[in-house]
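Asks: Just passing along the structure, written as structure tokens.
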Amino acid sequence: MQVPLYQAKAEFFRMLGHPTRIRVLELLQHGPVPVRDLLADIEIEPSSLSQQLAVLRRAGIVVSTREGSTVTYALAGGDVAELLRAARRILTELLAGRNQLLAELQQGDASPPRATAANKASVETGTR
């Protein structure tokens with residue numbers, strides 16, 4: 001039985017849904033990187049990095065090559081790098097919206113609502 005496209009997409013995004021995997025992909029978008037450099041940049045245990053690289057490799061997102069004792073990883077294609085750039089653009093827009101909302105909330109805290117100000121003025125003058 002064939003898996004529906006939306007389910008395949010969900011599995012794909014679930015596979016990407018780990019901070020270490022995202023960081024690995026960010027580092028690899030600039031070109032192949034030896035595992036020792038990934039370890040230095042990400043600062044996690046070698047066994048943890050190995051697990052995350054295996055997930056990406058099984059999914060076909062990254063490929064590895066061995067030259068002597070050095071294992072190097074690279075993106076399997078450029079589409080993943082484009083996906084990361086798209087995610088950055090989307091997050092930038094979302095966070096900009098949040099900053100605007102935060103500014104509006106902070107501005108709102110500084111001045112009372114108009115109805116409250118009007119009620120306060122009527123109480124002070126004895127009118128309603």
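Asks: Tabulate in residue order the Karplus-calculated ³J(HN,Hα) for the range 100-106, using 6.51 cos²θ - 1.76 cosθ + 1.60 with θ = phi - 60°, rounded to whole Hz; enter x for Gly and Pro.
Replies: Working through the residues one at a time gives 5, 4, 4, 4, 5, 5, 5 Hz.
Asks: If you place +1 on the Cβ of every Lys and Arg and -1 on the Cβ of every Asp and Glu, how big does the dipole about the Cα centre of the range 5-79 come out, in debye to the nearest 20?
Replies: 280 debye
Asks: Okay, moving on. Apply the Debye scattering formula to the range 5-79, with a single equal point scatterer on each alpha-carbon and no solvent, then give log10 I(q)/I(0) at q = 0.15, 0.17, 0.20, 0.26 Å⁻¹.
Replies: -0.48, -0.61, -0.83, -1.34
Asks: For Ala81 and Arg98 in the same chain, what is the full-extension length gain: residue separation times 0.36 nm, less their Cα-Cα distance, in nm?
Replies: In short, 3.6 nm is gained.
Asks: If we sort 55-64, 96-105, 76-85 on the protection proxy, mean other Cβ atoms within 10 Å, highest first, what's the order?
Replies: Going by the mean number of other Cβ atoms within 10 Å, highest first, we get 55-64, 76-85, 96-105.
Asks: Now for a different question. Please sort 28-38, 65-75 by packing, taking for each peptide the average over its residues of neighbouring beta carbons within 10 angstrom, highest first.
Replies: Packing proxy ranking, top to bottom: 28-38, 65-75.
Asks: List the residues, sorted by chain then number, that are 5 or more residues from Ala76 or on another chain and whose placed amide H is less than 5 Å from its amide H.
Replies: Val62, Val63
Just so you know, all these numbers are worked out from the coordinates, no wet-lab data involved. The model shown is predicted, which means the values in this text are computed figures rather than measured ones. Neighbour counts are summed over all protein chains in view; Cβ atoms, including those assigned to glycine, are modelled from backbone coordinates with ideal geometry.
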